[in-house]
1. Residues with amide H under 5 Å of Leu20's amide H, sequence separation 5 or more or different chain, H placed in the peptide plane at 1.01 Å from N; which?
2. Could you pull out every one of the aspartates and glutamates with an alpha carbon less than 13 Å from that of Lys5, ignoring same-chain neighbours closer than 8 positions?
3. For the pair Lys92 and Lys35, how long in nm is the line joining their label points, each one 7 Å along Cα→Cβ?
4. Can you compute log10 of I(q)/I(0) for the stretch 65-122 with the Debye formula, treating each Cα as one identical point scatterer, at q = 0.17, 0.24, 0.30 Å⁻¹?
5. Starting from the 7 Å offset along Cα-to-Cβ, what nm value, one decimal, do you get for the label separation of Thr46 and Glu111?
Amino acid sequence: MAFVKVLVSNLFAGAGFQKLEAGQVYDVEDSVAEKWLAQHKAEKTTEKKGEKLAFEVATPSAPVSTDTSVLQSKLDDALEQVKQLQDAAVSKEKEHAGALEAETKRADDAEAALAAATKKDK
């Protein structure tokens, strides 16, 4: 455990995410103290009094299901749908490229005809 003095006003910690006050000294685990010191959120202090913070890990409220077959089937369905959408997008892109090419050819032909008509008038 290490005593640290909090330097920032927006630091939350503990089991209930209590807001820590800047300038106060807290007794925290060494790993937490190292993180805060590296991030310049706290400084190490030699004061012997400080509020002890308890860090707890919450357990899941509902038991985790070990049956992954339902999730796997949903994932497989989603991946198949993504593949279909990608194929449709590629198809549309080719269609649009073909239409653009035809329109470009039409415009080039029109410009050539205009140039020929202009040349005849001179």
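Rule-based calculations on the coordinates, nothing more; no lab input. The model shown is predicted, which means the values in this text are computed figures rather than measured ones. Cβ sites come from the backbone with ideal geometry, for glycine too, and all protein chains shown count toward neighbours.
1. When sequence neighbours closer than 5 places are left aside, the close amide H contacts are Leu11, Phe12, Ala13.
2. Result set, ordered by chain and number: Glu21, Asp27, Glu34, Glu43, Glu47, Glu51.
3. 4.4 nm
4. -0.73, -0.91, -1.04
5. 8.3 nm
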